């Protein structure tokens, strides 16, 4: 999904587990807003999640050049952070194709396809069985 407005913003989508993140990357001062809140306001004090989101920007040297506005829905905070990182990475490749090898080498352009396995009939969950009783 690529969309460019008159404001020169690039819109890209990232997914992880049940989370979907739509990131709008615009030239700016390096601020990140998620669902209308700042990064600290949304994720609280979790530096690992902050690092996951900022990693594509830092790797390409663009942490002070772009503002990012994200709409994230579904899943947990960790999955949302991974989805946001993927969306930002895709947007940066759209900005400049030269960023692609560095991002790809770090695995930031690969969608993590692991999702929750569905529950099977005759079982308690996807793989757990009911307790076996011999007698």
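Derivation of every value follows stated rules applied to the coordinates shown; laboratory data play no part. This is a predicted model, so every value here is computed, not measured. Backbone-built Cβ (ideal geometry, glycine too); neighbour counts: all protein chains shown.
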Ranked output for segments 23-36, 112-125, 72-85 by mean other Cβ atoms within 10 Å, highest leading, reads 72-85, 23-36, 112-125
In degrees, nearest 10, the alpha-carbon axis of helix 47-60 is tilted away from the dominant principal axis of the alpha carbons of the chain by 40
By the C-alpha gyration tensor axes a ≥ b ≥ c (rounded if a/c is under 1.5, else prolate when a/b exceeds b/c, else oblate), the shape of region 3-105 is rounded
Percent antiparallel among DSSP beta bridges confined to region 3-105, rounded to 5, stands at 85
Computed over the chain: longest principal axis from alpha-carbon atoms vs helix 77-95 long axis, angle to nearest 10 degrees, is 40
The chain: relative contact order from alpha carbon pairs under 8 Å, six or more residues apart, as a whole percent, is 29
